[in-house]
Amino acid sequence: MAGLLDLLDPDQHEEASRAGRAELEAALDRRTQEERDAFRKALDLYYAPPPEEESDQSELLRQSPVQAA
């Protein structure tokens, strides 16, 4: 996957990231609140940063695409 990202310049990468987040939000909007919460909980469990890191990457998915950009 990193090889594909190397083909994009930083602006293209950011645009693709925003588009992906928008698609994810649209898909989640079609789900119940319980399903959205379960999805986000799974992300928190799977992508939990190591204890020494303070950043919470799952917070980006809780924000709307406009807020996260």
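Per residue, the solvent-accessible area of segment 1-47 (1.4 Å probe, heavy atoms of protein chains only, all protein chains present) comes to 84 Å². The length gained by stretching the chain between residue 37 and residue 9 to full extension, at 0.36 nm per residue less their Cα-Cα distance, is 6.7 nm.
The values are calculated or read from the model by the stated rules, or taken from the named source; none is laboratory data. All of these numbers come straight from a predicted model, not from anything done at the bench. Just so you know, the surface numbers come from the protein's heavy atoms only, side chains and all, with ligands and any DNA or RNA stripped out. Shrake-Rupley method; radii C 1.70, N 1.55, O 1.52, S 1.80 Å.
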